[in-house]
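Notes for the one structure printed next.
The values are calculated or read from the model by the stated rules, or taken from the named source; none is laboratory data. Quick caveat, the model's predicted, so the values are computed rather than measured. Cβ placement follows ideal geometry from the backbone for every residue including glycine, while neighbour counts extend to all protein chains displayed.
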Amino acid sequence: MQITNWRPSAPGVWRLTIGEPQGITPLSLMGVSPKAEALQHMPQVQPPFAWESVQLEEASGCLILSIPLDRTEKLYGTGLQLLRMNQRGRNRYLRVNSDPKQDTGETHAPVPFYVSDLGYGVWVDTSRIVTMYCGSTMRQEETQSEDIRDRNTDKEWKATLVASRVEIRLPVEGADVYVFGGPTLSDAVARYNLFCGGGILPPKWGLGFWHRVPTLYTDQQVLEEAEQFRRHDIPCDVIGLEPGWHSQSYPVSYEWEKSRFPEPEKFVKALDQSGFRVNLWEHPFVSPKSELYEELKPLSGSHSVWGGLAPDYSLPAAVELYKKQHEEQHVNIGVSGYKLDECDGSDLTNNSWMFPGHAQFPSGLDGEQMRQMYGLMFQKMTAELFRSKNRRTYGLVRASNAAASTMPYVLYSDLYDHKQFIRGLCSSSFSGLLWTPEVRRARNAEDWVRRMQTVCFSPLAMLNAWGDGTKPWSFPEVEGTVRHYIKLRMGLLPYLYTAFATYREQGIPPFRAMPFVMSASEIAEAEALYAEAAEQTLNTTDAAYGKKKVREWDDQYMFGDALLVAPLVEGESEREVLLPSGIWYGLETGERYTGGCIIRVQSGLERIPVFVRNGSVIPMMPALAHVPPLGTRVPLELVHFGDGMGEGNLYDNDGESFDYEQGKFGWWKAAVTQNAAGVYSGELIGTDGEPTSFSSVTWRFAHKGFLPL
């Protein structure tokens with residue numbers, strides 16, 4: 001059956017309603033409005049394929065939507081995917097799961113949105129589990145004879161043939177399907193983010209360094225550990241408390257444990273006076289000993305978890321009970337945010353604890369829908385709570401879904417593979433998600449430094465010491481290197497904050513994979529060069545199946561517009577880097593590179609390979625112990641790289657409130673020119689006077705890289 005009743009939904013966005021969609025969806029839950037003005041300013045585009053080429057058929061208990069594919073097309077997205085970046089040729093079973101150890105598509109944040117390197121995206125807005133067959137299924141009538149090979153004798157035999165369609169398994173009641181135009185992959189992702197309300201702008205303090213203390217720490221132990229950061233001259237903005245702050249946990253009470261925190265308000269204020277914010281760990285399941293229990297019981301699901309209630313937070317009454325308790329006991333005493341744990345569920349054979357899919361909730365949602373949506377519900381509730389106080393928050397969440405780009409939360413995992421964590425930084429960028437490769441422990445000093453370097457170039461830089469009590473100085477022999485990169489992050493805060501402002505206003509992620517900045521043909525050319533040069537291939541699990549091993553470049557990413565980060569992991573002292581076209585410089589070495597090719601760089605433990613575009617202007621500030629409090633002004637330094645004219649952007653507001661939504665913000669362009677004598681000069685150009693967060697503006701023309709901090 002051909003489908004032709006697509007309707008424009010926003011500039012460059014088309015919607016198809018299939019069947020009669022039922023119940024809550026990510027878009028309806030979030031209640032966001034598209035950023036219409038930003039969408040109007042994007043390039044005008046036509047639909048990426050002929051509508052009559054899209055087909056729909058009924059199957060057993062579901063609907064199958066079929067969308068055409070080019071033979072060489074690559075597909076990215078489908079949420080946070082830790083095991084691969086290019087999803088072409090894979091089946092993606094998009095269910096929320098805390099243990100995504102198999103490459104099935106299950107993940108902490110399954111987003112039924114894929115984006116093509118040909119410059120368009122497809123999204124299914126539903127609270128049901130969606131399966132996407134990303135060019136992994138072959139219709140009999142589409143099978144080409146030249147693809148049929150003899151595995152016994154032909155080394156070119158492939159397990160997955162090159163299919164010509166994506167097939168999407170939809171819920172039987174139907175769903176809304178959206179198509180986002182480009183013309184580039186970056187444009188398609190930006191349209192998706194803008195359609196979902198734009199990107200999040202965190203508070204400035206949220207972009208500093210975070211430290212989470214061991215589970216059973218008392219108030220005095222927390223205060224002492226915070227003071228150690230100042231003594232070690234290591235910046236820190238946020239202290240996170242783990243389950244022991246609760247009077248009960250697993251299930252939780254949301255109430256302070258008086259033996260460890262007898263005076264919570266006094267404790268929070270003491271940390272605030274030293275420049276630390278407080279972030280509280282919690283999960284959704286409410287203890288019978290909580291003061292909320294009796295009122296929430298009739299508003300909760302049919303099944304308990306760890307003996308606690310699973311509240312139905314699609315109900316306004318349940319939301320208000322939660323908000324009232326959190327406001328009175330947490331937010332009003334100065335708590336700055338939350339770590340929202342265990343809202344995903346596990347299905348391991350020996351560790352299955354989530355409510356089942358057949359659980360029933362008072363709103364009429366079932367367990368499948370609630371599990372898919374729980375992470376979004378908790379993000380929305382807590383974000384609204386802080387917004388009601390005109391205070392921005394920033395926190396952690398272990399489950400999410402579509403339409404999450406406006407939420408002030410960063411995903412994390414109980415898994416701990418460093419390479420997968422780097423890949424998560426890349427994969428999350430395609431789906432309106434943020435991800436932190438948090439540091440928890442290390443096998444040795446090398447592993448410790450490499451993880452710390454990566455996390456300092458991520459959306460949320462955090463040491464999570466809840467389990468073993470590690471500190472940034474736990475390996476004294478490399479404490480100086482760790483300090484250097486935490487301070488470098490602090491110095492780069494104006495640059496990072498500007499990247500997030502671009503995310504908010506233009507939908508362009510602050511951290512993004514290489515397909516955002518390189519065309520499909522450029523990446524294909526690099527892959528061909530790599531394959532030709534390599535004596536052995538990579539990324540395969542079964543050579544007997546004749547799989548071609550392809551370098552995906554899923555271990556490097558852009559940090560804002562100007563910086564390219566290429567992390568190393570334990571055991572590596574050199575690596576290949578795919579540099580986009582143009583001239584690049586080593587951020588800290590000043591070494592000059594010509595892009596448009598693959599380079600090989602060596603880097604001792606004291607360095608992470610980071611490259612800066614020629615002509616870039618990076619706004620920087622002093623590497624302070626913590627982000628300055630509201631009203632405190634600091635010097636701004638504009639650092640120009642390279643041997644020619646260039647420019648960069650600077651965004652500024654108060655860094656804490658939502659007043660920027662009423663126009664209280666400013667954009668400036670930092671422009672560098674060169675006169676006939678070769679002398680450089682810089683000018684900060686804006687319509688709103690000087691940036692209010694900065695006491696002075698100076699320029700540095702760093703033709704040979706950064707000087708040490």
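Residues checked against (1) closer than 27 Å to Gly197 by Cα; (2) modelled with pLDDT under 95:
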| site | (1), (2) |
| --- | --- |
| Thr481 | no, no |
| Lys487 | no, no |
| Tyr497 | yes, no |
| Glu522 | no, yes |
| Glu527 | no, yes |
| Ala531 | no, yes |
| Gly546 | no, yes |
| Gly590 | no, yes |
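Checked against the criterion of being in contact with an Asp or Glu (Cβ under 9 Å, 6 or more places away or on another chain) and crowded, with 18+ Cβ neighbours inside 10 Å, the range 306-317 contains not a single residue that satisfies it.
Can you confirm whether the range 318-336 contains a residue that is over 30 Å from Gly23 (Cβ atoms), under 27 Å from the mean Cα position of the chain (by Cα) and surrounded by fewer than 17 Cβ atoms within 10 Å (Cβ to Cβ)? So far as the range 318-336 goes, yes, one or more of its residues are over 30 Å from Gly23 (Cβ atoms), under 27 Å from the mean Cα position of the chain (by Cα) and surrounded by fewer than 17 Cβ atoms within 10 Å (Cβ to Cβ). Condition check: more than 26 Å from the chain's Cα centre (by Cα), closer than 30 Å to Ala226 by Cα and part of a loop (DSSP other than H, G, I, E, B). Does Leu630 satisfy that? Yes. Restricting attention to the range 581-627, the residues that are assigned to a loop (DSSP other than H, G, I, E, B), more than 30 Å from His211 (Cβ to Cβ) and among the charged types (D, E, K, R) add up to 1.
Does the range 682-693 contain at least one residue that is more than 25 Å from Arg504 (Cα to Cα) and assigned to a loop (DSSP other than H, G, I, E, B)? The answer is no, given that none of the residues of the range 682-693 is more than 25 Å from Arg504 (Cα to Cα) and assigned to a loop (DSSP other than H, G, I, E, B). Exactly one residue among Leu529, Leu496 is on the phi < 0 side of the Ramachandran plot and surrounded by fewer than 19 Cβ atoms within 10 Å (Cβ to Cβ), and that residue is Leu529.
Per the listing Gln140, Gln144, the residue uniquely at pLDDT below 85 and closer than 22 Å to Ala50 by Cβ is Gln144. The requirement of being outside any loop (DSSP other than H, G, I, E, B) and touching a residue at least 12 places away in the same chain (Cβ under 8 Å) is not satisfied by Ser33. Entry remark, the range 205-238: residues being of a type outside the set (Asp, Glu), within 16 Å of Asn464 (Cβ to Cβ) and part of a helix (DSSP H, G or I) number 4 in total. Among the residues of the range 395-424, the ones that are within 15 Å of Lys380 (Cβ to Cβ) and of a type in the set (Phe, Trp, Tyr) come to 1 in all. Across the range 408-421, what is the number of residues that are more than 10 Å from the chain's Cα centre (by Cα) and either surrounded by 24 or more Cβ atoms within 10 Å (Cβ to Cβ) or of a type in the set (D, E, K, R) (or both)? Total meeting the criteria: 4. Here Asn444 qualifies as surrounded by fewer than 19 Cβ atoms within 10 Å (Cβ to Cβ) and polar (S, T, N, Q).
Total residues in the range 36-63 satisfying the condition of being among the hydrophobic types (A, V, I, L, M, F, W, C) and outside any loop (DSSP other than H, G, I, E, B): the figure is 8. Scanning the range 182-204 for residues that are outside any loop (DSSP other than H, G, I, E, B) and not β-branched (Val, Ile, Thr) returns Leu185, Ser186, Asp187, Ala188, Ala190, Arg191, Tyr192, Asn193, Leu194, Phe195, Lys204.
In this structure, Asp654 does satisfy being surrounded by fewer than 18 Cβ atoms within 10 Å (Cβ to Cβ), modelled with pLDDT of 95 or more and of a type in the set (Asp, Glu).
The criterion of being buried (at least 23 other Cβ atoms within 10 Å of the Cβ), at pLDDT 95 or above and closer than 25 Å to Leu309 by Cα holds for Leu241.
Just a yes or no: is a residue in the range 4-26 in contact with a Phe, Trp or Tyr (Cβ under 7 Å, 6 or more places away or on another chain), of a type in the set (Val, Ile, Thr) and modelled with pLDDT under 95? Among the residues of the range 4-26, at least one is in contact with a Phe, Trp or Tyr (Cβ under 7 Å, 6 or more places away or on another chain), of a type in the set (Val, Ile, Thr) and modelled with pLDDT under 95, which makes the answer yes. In the set (1) without any contact (Cβ under 8 Å) to a residue 40 or more places away in the chain; (2) small (Gly, Ala, Ser); (3) surrounded by 17 or more Cβ atoms within 10 Å (Cβ to Cβ); (4) over 22 Å from Val517 (Cα atoms), the condition left unmet by Ala676 is number (3). Would you confirm whether or not the range 270-279 contains a residue that is hydrophobic (A, V, I, L, M, F, W, C) and closer than 28 Å to Trp353 by Cα? No, because not a single residue in the range 270-279 is hydrophobic (A, V, I, L, M, F, W, C) and closer than 28 Å to Trp353 by Cα. Taking Ala566 as the residue in question, decide whether it is in contact with a Phe, Trp or Tyr (Cβ under 7 Å, 6 or more places away or on another chain), small (Gly, Ala, Ser), at pLDDT 85 or above and buried (at least 20 other Cβ atoms within 10 Å of the Cβ). The answer is no for Ala566.
Considered as a group, the residues in the range 259-318 that are part of a helix (DSSP H, G or I) and touching a residue at least 60 places away in the same chain (Cβ under 8 Å) include one that is nearest to Gly244 (Cα to Cα), and that residue is Pro264.
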